Amino acid sequence: MNPSIGKPIDRVDGKLKVTGAATYAAEFPIKNLAYGVSITSTITKGRIKNIDTRQAQKMPGVIGIMTSENSMQLHYPAGSDPGNGKFAEKDLLPLQNDRIFYGGQHVAIVVAETFEQAEQAAALVKVEYDQQPAAIGFEKNIASAYKPASGLGGAETQIKRGDAEMALQTAAVKTDETYTTPVYHHNAMELHATIAQWDGDKLTVYDATQSVMGVKGLLTATLGIPSEKVQVYALYIGGGFGSKGFTWANTLLAPMAAKQFDRPVKLVLSRQQVFSAAGRRTQTVQKIALGADQNGKLSAIKHATTSETSFVDEFVETAGLATSMLYSCSNVDVSHELVRLNRGTPCPTRAPGEAPGTYALEVAMDELAYKLKIDPLQLRLINYADIEEQKKKQFSEKSLKECYERGAEAIGWTNRKAEPGTLKEGNYLVGYGMATATYPANRSASTAKATLFADGHAEILCGTQDIGTGTYTVMTQVAADAFALPVEKVKVKLGDSSYPKGAQSGGSQVSASVGPPIRAAALGAISKLINLAISDSASPLHGYKEEDITADNGRIHLKNNPNNGETYAQILNRKGLEKLEAQAKTNVSTRQQGPPVPAPPGSPEAKAEEESKNNKAVQEDEKTDRKDYAFHSFGAQFVKVLVDPDLGTVKVDKIVGVMDIGTVMNLKTATNQIMGGMIFGIGMALMENTQYDPNNGRVVTRDLAQYLVPVHADIPEIEVHFINKPDPYISPIGARGIGEIGITGITAAIANAIYNATGKRVRDLPITPDKLIA
């Protein structure tokens with residue numbers, strides 16, 4: 001049977017989605033459901049003096065109004081790992097006191113029989129505030145910047161090797177510029193939504209989340225109830241891009257209200273509320289200085305990033321991390337500083353750190369290339385890093401040179417003119433730009449359960465989720481190949497916290513994390529089946545050794561005699577078994593320091609760990625020595641733009657991306673992911689820009705009418721290519737993450753192409769027409 005991995009098979013959930021049968025968090029038909037509407041603060045800092053709910057309480061259909069004066073008290077969670085439940089604003093659990101830290105903060109929840117009744121009543125609630133002076137404006141407060149100790153997950157924020165300052169002073173050629181990026185918002189199609197239902201002391205939650213297991217862990221901790229009493233579903237998610245990786249107030253407010261009013265409660269944030277109270281990408285100012293000799297060899301890199309965070313948590317946009325490893329250079333100084341503002345807390349946004357960081361670094365490299373009069377592609381080859389120089393490790397797999405070569409050919413790089421503003425097509429100025437793409441390859445411990453049924457079909461259970469990227473489809477392919485069954489005979493079930501614990505959808509880790517245990521569990525089930533046949537005197541395979549037998553298309557047979565065998569169904573039916581199960585846990589992490597922590601004794605995970613000791617696939621996976629390797633994906637982004645010299649309008653005419661992401665699991669979904677990242681990059685480069693009122697610090701661009709994102713008319717011809725070389729160390733399936741690398745490098749490539757077309761270097765995103773005709 002031919003393997004399905006790599007093939008561009010259609011999404012297995014595609015029909016459900018286009019027919020409306022896929023049930024998202026806000027769509028579950030819960031009996032006796034009540035509707036919640038959040039009231040948010042209209043000041044930026046201060047205290048609530050009084051909330052007058054009298055008129056609202058009298059409105060038809062109103063069940064109750066929850067405020068800090070009558071809400072249940074929450075427990076502060078101890079952890080901050082998104083996979084185990086990271087509340088986005090650790091010092092601001094919802095409705096616990098009267099303090100206001102930003103405009104748009106939740107101050108009350110109105111619950112009514114219908115959404116319209118709740119919304120009408122919410123408009124009648126009167127809130128009086130004691131307003132206090134707020135920290136408003138990034139530039140105005142930048143003098144108060146401080147150095148954070150670490151980033152998310154303990155990421156380094158201050159990195160040095162050699163003496164960059166001294167090397168800069170003696171460099172033959174230098175550049176030293178400042179690059180700025182605005183606040184960006186995720187704007188997933190699906191709004192943040194939660195339904196909560198109590199049945200006695202048991203809580204069921206339907207949530208739009210990137211971490212079904214993380215939400216379960218957080219609810220357990222904050223509500224103070226046993227884990228076995230919490231059930232979380234996230235069967236389908238309409239995009240997250242990082243905003244649903246942390247848990248926001250709505251996920252707690254719905255069960256709080258449901259408990260208080262003894263009714264199931266649905267709470268869906270409005271688009272305007274999402275802009276204020278559900279995360280964003282932070283604003284950055286990045287100062288980059290490069291030093292090189294006359295031949296272009298880098299001797300010094302300094303990358304200093306200042307970004308902003310809130311007063312209720314700390315999030316670092318680690319824009320300089322890629323700079324520490326992307327190019328060969330003996331003297332590197334990467335630093336990060338934070339400014340606290342009265343805004344909602346930022347959070348991971350597709351390729352956090354790398355997306356704004358590669359923009360600044362790759363534009364700086366382009367500027368150095370022009371100063372040296374060296375082709376920008378050649379400059380990158382001169383400074384190609386064969387090893388990860390900061391960690392002094394070999395890359396697990398790197399084919400970036402091939403990415404450069406193939407991308408240059410596909411875009412027609414030889415048509416590029418070295419002198420900016422000299423190439424035209426009709427009235428348009430034509431420019432070519434390129435940049436390097438990169439993102440870490442992450443993997444974390446995950447568990448899966450595989451079941452073979454007597455009717456010949458198979459099933460996988462895993463407590464991860466598909467946030468719209470194609471996880472259902474790709475994991476079906478992984479399982480089908482391991483089961484040796486056609487794809488249509490395999491059902492993968494995700495998004496349920498009662499399933500074995502899977503990885504969070506963040507950090508481009510799901511395929512690399514849950515693919516191996518799914519494969520191992522399926523192979524474990526086949527191994528059990530083979531041993532059933534071997535020990536059964538009625539089987540044609542009786543007495544043979546397991547290593548002499550293979551599986552193919554729903555049958556097991558001798559490797560050297562395919563005719564000698566029988567079907568899975570024949571074995572199970574003869575044994576009177578309805579099904580055969582196997583579990584597998586792969587305790588592998590590319591980020592965790594030290595040995596893995598065992599699961600609690602007696603827990604389902606502990607049972608999977610015990611079974612995995614006899615699973616050959618797990619043992620081979622865990623024995624792989626990874627400590628001497630650095631795990632990263634790489635790529636090359638090439639862009640052609642057309643610029644109207646009179647109007648300053650920019651049309652991205654063509655994009656070519658060549659990606660080195662290990663094994664391509666599904667050509668169609670992989671291409672889709674890279675294209676999506678590229679389109680994000682168009683938005684970053686040319687239009688997206690969250691604006692805050694300079695007087696009161698509140699978000700001004702609060703909907704998709706004012707916050708511009710690319711639409712169909714903005715999308716150019718796009719070519720996506722893959723090297724498709726398996727990574728032998730990341731996992732047995734050889735795949736690295738793909739969800740985020742597509743947005744890295746692309747913004748810089750567009751900016752560099754615009755400079756090549758116009759000769760105008762804009763270092764302040766977005767690059768809008770007014771900046772090109774000024």
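Have a look at LYS287, LYS297 and point out the one that is surrounded by fewer than 22 Cβ atoms within 10 Å (Cβ to Cβ), more than 21 Å from ARG763 (Cα to Cα), among the basic types (Lys, Arg) and touching a residue at least 24 places away in the same chain (Cβ under 8 Å).
Sole residue among the options that is surrounded by fewer than 22 Cβ atoms within 10 Å (Cβ to Cβ), more than 21 Å from ARG763 (Cα to Cα), among the basic types (Lys, Arg) and touching a residue at least 24 places away in the same chain (Cβ under 8 Å): LYS297.
Name the single residue, out of those in segment 517-545 being among the charged types (D, E, K, R) and open to solvent by 60 Å² or more (accessible area, probe 1.4 Å), that is farthest from ILE730 (Cα to Cα).
Checked segment 517-545; the qualifying residue farthest from ILE730 (Cα to Cα) is LYS545.
So, of the residues in segment 353-375 that are out of contact with any Ser or Thr (no Cβ under 7 Å at 6 or more places or on another chain) and over 12 Å from THR181 (Cβ atoms), which turns out to be surrounded by the fewest Cβ atoms within 10 Å (Cβ to Cβ)?
LYS373
Report every pair of residues separated by at least 6 positions or lying on different chains whose Cβ atoms are under 9 Å apart, first residue within segment 25-42 and outside the structural domain of SER68 (by TED's automatic domain parsing) and in contact (Cβ under 8 Å) with a residue 24 or more places away in the chain, second open to solvent by 90 Å² or more (accessible area, probe 1.4 Å) and among the polar types (S, T, N, Q).
From residues that are outside the structural domain of SER68 (by TED's automatic domain parsing) and in contact (Cβ under 8 Å) with a residue 24 or more places away in the chain, there are no pairs.
Could you grab the pairs with beta carbons closer than 7 Å, sequence gap of 6+ or different chains, first residue in segment 367-385 and free of Cβ contacts under 8 Å to residues at least 24 places away in the same chain, second one in a helix (DSSP H, G or I) and open to solvent by less than 10 Å² (accessible area, probe 1.4 Å)?
Taking only residues 6 or more apart or on different chains, the pairs are LEU381/TYR404.
Of everything in segment 602-628, what is open to solvent by 60 Å² or more (accessible area, probe 1.4 Å) and within 19 Å of TYR729 (Cβ to Cβ)? Give them in sequence order.
If the condition is that a residue be open to solvent by 60 Å² or more (accessible area, probe 1.4 Å) and within 19 Å of TYR729 (Cβ to Cβ), then LYS616, GLU620, GLU622, LYS623, ASP625, LYS627, ASP628 are the ones that fit.
Could you list, in sequence order, all residues of segment 172-191 that are surrounded by fewer than 19 Cβ atoms within 10 Å (Cβ to Cβ) and either without any contact (Cβ under 8 Å) to a residue 12 or more places away in the chain or more than 25 Å from PRO352 (Cα to Cα) (or both)?
Matches in segment 172-191: ALA172, VAL173, LYS174.
Take the conditions under 28 Å from the mean Cα position of the chain (by Cα), closer than 27 Å to SER335 by Cα, of a type in the set (A, V, I, L, M) and in the same structural domain as ASP293 (by TED's automatic domain parsing) and apply them to ALA149. Does it pass?
yes
How many residues, within segment 435-466, are part of a loop (DSSP other than H, G, I, E, B), over 15 Å from ALA582 (Cβ atoms) and either aliphatic (A, V, I, L, M) or touching a residue at least 40 places away in the same chain (Cβ under 8 Å) (or both)?
11
Among the residues of segment 723-774, count how many are open to solvent by 40 Å² or more (accessible area, probe 1.4 Å) and within 30 Å of ALA482 (Cβ to Cβ).
Final tally of qualifying residues: 6.
Residues are listed down the side, and each one gets a yes or a no for (1) in a loop (DSSP other than H, G, I, E, B); (2) at negative phi:
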residue	(1), (2)
GLY697	yes, no
ALA705	yes, yes
PRO710	yes, yes
ALA713	no, yes
GLU719	no, yes
PRO726	yes, yes
ILE733	yes, yes
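Select, from LEU218, LEU203, the only residue that is in contact with a Leu (Cβ under 7 Å, 6 or more places away or on another chain) and either closer than 30 Å to ASN689 by Cβ or not assigned by TED's automatic domain parsing to the domain that holds ASP764 (or both).
Criteria check complete, one pass: LEU203.
Given the options VAL12, VAL18, VAL37, VAL62, name the one that is over 22 Å from the mean Cα position of the chain (by Cα), of a type in the set (A, V, I, L, M) and open to solvent by 60 Å² or more (accessible area, probe 1.4 Å).
VAL18
So, in segment 366-388, how many residues would count as being of a type in the set (Lys, Arg) and over 32 Å from the mean Cα position of the chain (by Cα)?
Going through segment 366-388 one residue at a time, the tally reaches 2.
Sort through VAL110, VAL127 and tell me the only one that's under 20 Å from PRO255 (Cα atoms) and either touching a residue at least 40 places away in the same chain (Cβ under 8 Å) or not in a loop (DSSP other than H, G, I, E, B) (or both).
Going through VAL110, VAL127 in turn, just one is under 20 Å from PRO255 (Cα atoms) and either touching a residue at least 40 places away in the same chain (Cβ under 8 Å) or not in a loop (DSSP other than H, G, I, E, B) (or both): VAL110.
Out of all the residues in segment 207-219, which are outside any loop (DSSP other than H, G, I, E, B) and in contact with a Lys or Arg (Cβ under 8 Å, 6 or more places away or on another chain)?
MET213, GLY214, LEU218
May I ask you to list the residues in segment 192-219 that are buried (at least 23 other Cβ atoms within 10 Å of the Cβ) and aromatic (Phe, Trp, Tyr)?
TYR206, the sole residue that qualifies.
Of all residues being hydrophobic (A, V, I, L, M, F, W, C) and surrounded by fewer than 20 Cβ atoms within 10 Å (Cβ to Cβ) in segment 386-412, which is farthest from GLY662 (Cα to Cα)? Just the residue, please.
Only one residue tops the list, namely ALA410.
The values are calculated or read from the model by the stated rules, or taken from the named source; none is laboratory data. Because the structure is predicted, anything quoted here is derived from the model rather than measured. Note that we place each Cβ from the backbone using ideal geometry, even for glycine, and neighbour counts take in every protein chain shown. Calculation scope for accessible area: heavy atoms of the full protein, side chains included, ligands and nucleic acids excluded. Shrake-Rupley method; radii C 1.70, N 1.55, O 1.52, S 1.80 Å.
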